[in-house]
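Engineer: Here you go, one structure.
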Amino acid sequence: MTEVSTQSPGVAILGSTGSIGCNSLRVIESLSTTRMRVVALAAGTNVERLADQIAAHLPEVVSVDTEVAAHDLRAMLFARDIDLPRIVIGEQGLIEVATHPQADCVISATVGAVGFVPTLKALEMGKRVALANKETLVMAGELMTEAARKSGAELLPVDSEHNALHQCLRGERREEVRRIILTASGGPFRTKNKAEMSHATVSEAMQHPTWNMGAKITIDSATLMNKGLEVIEAHWLFGFGPEEIDIVVHPESVVHSMIEMIDGSVIAQMGVTDMRHAIQYALTYPERHECQLPPLDLTALSGLHFEAPDHDRFPCIRLAYRALREGGTLPAAMNAANEEAVAAFLNERICLTEIPQVIEAVMNQHSKQPARDIQTILAADHQARHEAVKIISHKKAQKAQNDLVDLKQ
Ligand code: MG
């Protein structure tokens, strides 16, 4: 590996073995002029990939999910004759990585609610956070943005739409922007009817038309909950109200998002569908550097299409707007219910169209509190998961009953 100066900016990555984590390391490796130093990595249980990352980047601290994973990692590094970094475990491990004293920037790329507390701690310490984990903002947008404001931390979105909006909004006056427009690919069921969607298999739902991503976000893209979560994320990042945030389906995913000015002018950010663009922008902002990706070939495009989202087939959008309008702990409850419902779908316990049903039932039962502290938000998250699991079990029992009746007939 190339010698990296100890003066180089330090980077910590939460979720280093996932899709965003791996792409982040590729970006860091490619940034020759402002070479960054990887000081800490947190992964789940993929110790093989983590061992490769340790060999290439020599971080001081690494975190894994479990004691077993830590044991396996130690054995693997020993066998490969790689110097052992300090190995930490679980949520405390994630926090140690996120708050590493030499990390100037933390890439928050864990999946789901698990990234919330570590990311919040990084913001409280004034670190730049390159945020790929939208769930943390959905759960606790007020707390996170308030922490960033107090410490002076920069919160830079890695999510492609929000990264695009950040670029479009640069230098614009807030009062001159009428609305922001998030683009959505529409997912694999854009042209399917309700019946087809209810019979969708996991592998069909995993066929995202334009982006290659992890399982949870791919299912969220199939139900369009991903876009719902992104509406809430955009609200917290840019300060627009629910009535000023719109969604337009754009199957080619070339326009990553747009802003509309008060004079009707629309500014769009376009690019190839590769997350490395957004990651590099978040790492090097306010500078721009050459990127190794091929540029967008406009003449190779067969056309750009835009259509309104179908709220009837994709009720998750309506649920997310409702959560944003009603506020408090409701978005955290919605997010938790969604995580449980998506996991149940991936385990073939419920069908795709039952995901929004589970979420809505949890939201209807939720007793909303102001989302002003970690404990209240985590309690709402836990309670919503508990409710979601109960509803999922009930649906599964019902399905088994129906199957039995069908069999007898
Ligand atoms: Mg996105």
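Engineer: Treat each spin label as a single point 7 Å out from the Cα along the C-beta direction, and report the Arg349 to Met125 distance in nm.
Structural biologist: 3.5 nm
Engineer: Separate question: Which listed residue (Tyr321, Ser108, Pro9) has the Cα farthest towards the positive end of the charge dipole for the chain, taking +1 on Lys and Arg C-beta and -1 on Asp and Glu C-beta about the Cα centre?
Structural biologist: Tyr321
Engineer: Just to verify a number: FRET efficiency for Asn364 and Thr210, C-beta to C-beta distance, R0 = 60 Å, to 0.05?
Structural biologist: Details: r = 34 Å, r/R0 = 0.56.
Using R0 = 60 Å, I get an efficiency of 0.95.
Engineer: What chymotrypsin sites (Phe, Trp or Tyr not before Pro) in the range 269-325 are in a loop by DSSP, with at most 16 other Cβ atoms within 10 Å of the Cβ? If you can, show how the numbers build up before the last one.
Structural biologist: Numbers: sites: Tyr281, Phe306, Tyr321; in loops: Phe306.
Loop-located and lightly packed - Phe306.
Engineer: Using the count of nearby Cβ atoms within 10 Å as a rough guide to exposure, how do Asp373, Asp246 rank from fewest to most? Display every interim value, and only then the final one.
Structural biologist: Values: Asp373 12, Asp246 16.
Listing Asp373, Asp246 from fewest to most nearby Cβ atoms yields Asp373, Asp246.
Engineer: Another one. With +1 on the Cβ of every Lys and Arg and -1 on the Cβ of every Asp and Glu, and nothing else charged, how large is the dipole of the range 10-157 about its Cα centre, in debye rounded to the nearest 20? Could you put the intermediate results ahead of the total?
Structural biologist: Details: 13 positive and 17 negative charges, 80 e Å.
Around 380 debye, computed over the range 10-157.
Engineer: Do any GluC sites (Glu not before Pro) in the range 286-392 lie in a DSSP loop with no more than 12 other beta carbon atoms within 10 Å, and if so, which?
Structural biologist: Working: sites: Glu287, Glu290, Glu307, Glu326, Glu339, Glu340, Glu348, Glu354, Glu360, Glu387; in loops: Glu287, Glu290, Glu348.
Passing sites in the range 286-392 are Glu287, Glu290, Glu348.
Engineer: Of the residues Asn338, Asn133, Asn193, which exhibits the maximal mean-square fluctuation in a Gaussian network model of the chain defined by a 10 Å Cα contact cut-off?
Structural biologist: Comparing Asn338, Asn133, Asn193 in the GNM, the peak value goes to Asn193.
Engineer: Around Val88, which amide H atoms from residues at least 5 apart in sequence, or from another chain, sit under 5 Å from its own amide H, with H modelled in the peptide plane?
Structural biologist: Val62, Ser63, Val64
Engineer: Could you pull out the GluC sites (Glu not before Pro) across the range 1-81 that fall in loop regions by DSSP (anything but H, G, I, E, B) with no more than 14 other Cβ atoms inside 10 Å? Don't skip to the end; give the middle numbers.
Structural biologist: Numbers: sites: Glu3, Glu29, Glu48, Glu60, Glu67; in loops: Glu3, Glu60.
Filter output for the range 1-81: Glu3.
Engineer: While we're on this one: Near the amide H of Ile13, under 5 Å away, which other amide H atoms are found, from residues 5 or more places off or on another chain, if H is placed in the peptide plane?
Structural biologist: Ala40, Leu41, Ala42, Ile107
Engineer: From the Cα gyration tensor of the range 183-332, with a ≥ b ≥ c the square roots of its eigenvalues, which class applies: rounded if a/c is under 1.5, or else prolate if a/b is larger than b/c, or else oblate?
Structural biologist: Because a/c hits 1.5 or more and a/b fails to exceed b/c, the range 183-332 counts as oblate.
Engineer: Give the Cα extents of the range 10-157 along the principal axes, in whole Å, largest first.
Structural biologist: Largest to smallest, the principal-axis extents are 46, 37, 25 Å.
Engineer: Using the crude model of +1 on Lys and Arg Cβ and -1 on Asp and Glu Cβ, and no other charge, please compute the dipole size for the range 242-354 relative to its Cα centre, in debye to 20.
Structural biologist: Numbers: 7 positive and 18 negative charges, 48 e Å.
So the magnitude is around 240 debye.
Engineer: Another question about this same structure. Could you pull out the pairs from Lys121/Lys396; Lys134/Lys399; Lys216/Lys408; Lys121/Lys216; Lys121/Lys395; Lys368/Lys390 whose alpha carbons sit more than 30 Å apart here?
Structural biologist: Table pairs above 30 Å Cα-Cα are Lys121/Lys396; Lys134/Lys399; Lys216/Lys408; Lys121/Lys395.
Engineer: Before rounding to the nearest 500, sum -39500 (n - 2.57) across all DSSP H runs of length at least 4 in the chain and divide by the residue total; then give [θ] at 222 nm in deg cm²/dmol.
Structural biologist: Roughly -15000 deg cm²/dmol at 222 nm, from the helical runs in the chain.
Engineer: At a 10 Å Cβ-Cβ cut-off, how would you order His256, His311, fewest neighbours first? Numbers along the way, then the final one.
Structural biologist: Details: His256 25, His311 13.
Placing the least packed residue first, the sequence is His311, His256.
Engineer: Still on this structure, please answer the following. Once phi is turned into θ = phi - 60°, what whole-Hz ³J(HN,Hα) does the Karplus curve with 6.51, -1.76 and 1.60 give for every residue of the range 280-285, x standing for Gly and Pro?
Structural biologist: Rounded to whole hertz, the list is 4, 4, 5, 7, 9, 3.
Engineer: Taking amide H positions as placed 1.01 Å from N in the peptide plane, with prolines and chain starts having none, which residues 5 or more places from Met270, or on another chain, fall under 5 Å of its amide H?
Structural biologist: The list, which skips near neighbours in sequence, is His256.
Engineer: Positive end of the charge dipole of the chain (Lys, Arg +1 and Asp, Glu -1 on Cβ, about the Cα centre): tell me which of Leu25, His256, Gln383 has its Cα farthest that way.
Structural biologist: Gln383
Engineer: Compute the length gained on full extension between Ser32 and Phe78: take 0.36 nm times their separation in residues and subtract their Cα-Cα distance, giving the result in nm to one decimal.
Structural biologist: Details: separation 46, 0.36 × 46 = 16.56 nm, distance 3.04 nm.
Going from the current span to full extension adds 13.5 nm.
Engineer: Mind listing P(r) for the chain? All alpha-carbon pairs, 20 Å bins, whole percents.
Structural biologist: Per 20 Å bin, starting at 0, the Cα pair percentages come out as 26, 58, 15, 0.
Engineer: How would you rank Leu41, Leu73, Leu404, Leu296, going from fewest to most other Cβ atoms within 10 Å of each one's own Cβ? Walk me through the intermediate numbers first.
Structural biologist: Details: Leu41 28, Leu73 23, Leu404 10, Leu296 13.
The most exposed by this proxy come first: Leu404, Leu296, Leu73, Leu41.
Engineer: Something else now. Give, rounded to the nearest 20 debye, the magnitude of the charge dipole that the chain has about its Cα centre when Lys and Arg contribute +1 at Cβ and Asp and Glu contribute -1 at Cβ.
Structural biologist: 460 debye
Every number in this text was worked out from the coordinates using simple rules, so none of it is lab data. Computed from a predicted model, the values in this text were never measured in an experiment. Counting neighbours? That spans all protein chains shown, and the Cβs are built from the backbone with ideal geometry, glycine included.
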